[in-house]
Every structure is written in structure tokens, then in C-alpha cells.
1. Look through the range 1-33, keep the residues that are open to solvent by 40 Å² or more (accessible area, probe 1.4 Å) and among the hydroxyl-bearing types (S, T, Y), and return whichever of them is farthest from G59 (Cα to Cα).
2. Could you please let me know if Q100 is modelled with pLDDT of 90 or more, farther than 21 Å from R20 by Cβ and not basic (K, R)?
3. Taking G29 as the residue in question, decide whether it is touching a residue at least 24 places away in the same chain (Cβ under 8 Å) and out of contact with any Pro (no Cβ under 6 Å at 6 or more places or on another chain).
4. Determine whether the range 95-107 contains at least one residue that is crowded, with 19+ Cβ neighbours inside 10 Å, within 21 Å of A14 (Cβ to Cβ) and within 14 Å of the chain's Cα centre (by Cα).
5. Looking at (1) assigned to a loop (DSSP other than H, G, I, E, B); (2) open to solvent by less than 80 Å² (accessible area, probe 1.4 Å), can you tell me which one T163 breaks?
6. Read through the list (1) modelled with pLDDT of 95 or more; (2) surrounded by fewer than 21 Cβ atoms within 10 Å (Cβ to Cβ); (3) within 14 Å of the chain's Cα centre (by Cα); (4) under 19 Å from M160 (Cα atoms), then give the number of the only condition that V50 fails.
Amino acid sequence: MTSDGVVADEAIRAAWASYRVLDERTSAGDRQEAQQQVEAAVEAYGREEVSRGTVFLVGVLTGYLIAEQSGSENRLDPLSDLIPAVIRRLPTFEKADPTQVPMATGVLMAAAMGMDTVAWRDRFGQIPPAEALVHGFVLWLLADLFDTMAGRPGVIDQLMRETFDSMAAEQS
């Protein structure tokens, strides 16, 4: 684990790959490739770092959703609309442990307040597997909300993959 909210790039990419595993629009071949990417990152960096990557992406998408809506008449208020909408949908995931929802809500609140979600979450110690799973579901819900608001299914996946490709090209 790194400090000060810094997360390994590959762990962030793997966190997004875990979203792609959950997304039903992902083809079987792409899903298998995403699963392999997650497994490789877990082996190289550890489950904890990939979980922190998911927390990072929850912060990114929450911030982006808030920023995208800032000038809109029908904008989502983070505290009365965005966070409750996401939290209310968590029970639709059969494997979402309700005892993990307070921490997921805290991460969303930290993001809505413009805080570094990873640094905020790191103050509470390691992320247990049940909590990591809930953060993964939150990420999926935020991505789904983004796509719904954009009116284009898969737009956030395309945007994230282009961002990762651009980052990889810059590092080469």
C-alpha cells in the first residue's frame, strides 16, 4: 500500500477491469481478458491495492458526475440525490453486505465534498474483502448512472479506456 492517497496505476486499471467484469455489455472474450487483468494486478500489487483503486475510481466518477451537472437545471445534488440514489440500489446486488454500506457511503460523501477518497478511506485501515466488493458495486452503479445521464450505454467505459490508453502512451 502506498501513502497519501496514491494508488498504483495498474491497480486502478484493474479496478476498472473489475467493473467491466460486472457489466453485462462486456463480451465474453473481453470479460475474460478483464478478469485476467484483475488477477494479474492482485498478484502483482495485492488485493488491497486493487481495492484502493476502486475507491479512487469511485471518487473520480462521483466528482465527474457532480462537475458535469454543475450548470444543469436538473443537476443532481450530491447529498440529496446522488448518494441516496446509489446507496438505495446497493441491495439489488445479492452479494452486497449491508454492514459495509456505511463505509461506502463515507467514501461517496468524501468524494462529494471534494476530498481524496483513498486518503480518507486509508485512515480506517485495510479494506476487507466484503467492503471491497461493495465499493465495486458502487463503482458499477456510478458508471451506470453516468451512462444513463449521457443517454449512451457504454460511454463511460469508452471514456475510461481511452484515458487509460492515453496514459499508457504518455508513459511509453
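The values are calculated or read from the model by the stated rules, or taken from the named source; none is laboratory data. All values derive from a computational prediction rather than experimental measurement. Cβ coordinates were reconstructed from backbone atoms using ideal geometry, including for glycine residues, and neighbour counts include every protein chain displayed. Ligands, DNA and RNA are excluded from the accessible area calculation, which covers all protein heavy atoms including side chains. Shrake-Rupley method; radii C 1.70, N 1.55, O 1.52, S 1.80 Å.
1. Ranking the qualifying residues of the range 1-33, first place goes to S27.
2. In short, yes.
3. No, not satisfied.
4. Yes, some residue in the range 95-107 is crowded, with 19+ Cβ neighbours inside 10 Å, within 21 Å of A14 (Cβ to Cβ) and within 14 Å of the chain's Cα centre (by Cα).
5. Condition not satisfied by T163: (1).
6. Going through the list (1) modelled with pLDDT of 95 or more; (2) surrounded by fewer than 21 Cβ atoms within 10 Å (Cβ to Cβ); (3) within 14 Å of the chain's Cα centre (by Cα); (4) under 19 Å from M160 (Cα atoms), V50 breaks only (2).
Yes or no, residue by residue, for (1) acidic (D, E); (2) surrounded by 17 or more Cβ atoms within 10 Å (Cβ to Cβ):
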position	(1), (2)
L82	no, yes
V86	no, yes
P91	no, no
M113	no, no
E131	yes, yes
V134	no, yes
F137	no, yes
L141	no, yes
